[in-house]
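**Student:** After the structure tokens below, expect a handful of questions from me.
The values are calculated or read from the model by the stated rules, or taken from the named source; none is laboratory data. All figures in this text were calculated on a predicted structure; none of them were measured in a lab. When we count neighbours, we look across all protein chains shown, and the Cβ atoms used for this are built from the backbone with ideal geometry, even at glycine.
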Amino acid sequence: MDGRIKEAVDLFQEVMMYGTERVIKSVDHPLWNEYSPEQIQMLKLISKEKRVTSARLAVLQAVHKSAISSRIKKLLQKEVIQVVQTEDRREKMLELTDKGQAILMELEKVLTDYIEKLISENIADEEIDQFLTIFRKLKTIIKMDGV
């Protein structure tokens, strides 16, 4: 394997792990205290998927179903998600409530404002364009793989 690809993968993983931790520590907002990073990620996934099963969430978050059940229970109690019955009575789908959508919008605004400040102070416009080009391409490739 090309050493640059391994370095790119390593760097991406480091940015995801340590970047998330830094953002959580740096962003001062009450919602960041009320929701765990895993719960916030789950809200984002439910938003992207529109309606999703707990089994699919377990796959997307790469955790056991028991961990997902606990997160779902807490989010149901906070009334940010709801269970939707489908024609197949055995299958229960989850979706965001209006409250959940509002909270997610607020969390994303706080996060975007913080990261926008971080990037604008440290990264040149052409580098941002390169980043976007590469990540759009990766997203297309990943989606074509049927993920």
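**Student:** Among the numbered criteria (1) loosely packed, with under 11 Cβ neighbours inside 10 Å; (2) modelled with pLDDT of 90 or more; (3) polar (S, T, N, Q), which one does Thr112 miss?
**Tutor:** For Thr112, the exception is condition (2).
**Student:** While we're looking at this one, here's another question. So, in the stretch 58-73, how many residues would count as being buried (at least 16 other Cβ atoms within 10 Å of the Cβ) and either over 23 Å from Glu108 (Cα atoms) or out of contact with any Lys or Arg (no Cβ under 8 Å at 6 or more places or on another chain) (or both)?
**Tutor:** Looking only at that region, the number is 4.
**Student:** Still on this structure: May I ask you to verify whether Glu95 is at pLDDT 85 or above, more than 14 Å from the chain's Cα centre (by Cα), at negative phi and acidic (Asp, Glu)?
**Tutor:** yes
**Student:** Is it true that Val80 is within 15 Å of the chain's Cα centre (by Cα) and modelled with pLDDT of 85 or more?
**Tutor:** On the way: within 15 Å of the chain's Cα centre (by Cα): no; modelled with pLDDT of 85 or more: yes.
Judged against the criteria, Val80 is not a match.
**Student:** Here is a further query. Kindly state which helices (runs of 4 or more DSSP H) lie completely within the stretch 38-147 and contain at least 3 residues that are under 27 Å from Val15 (Cα atoms) and of a type in the set (Asp, Glu).
**Tutor:** Those helices (runs of 4 or more DSSP H) span 98-122, 125-144.
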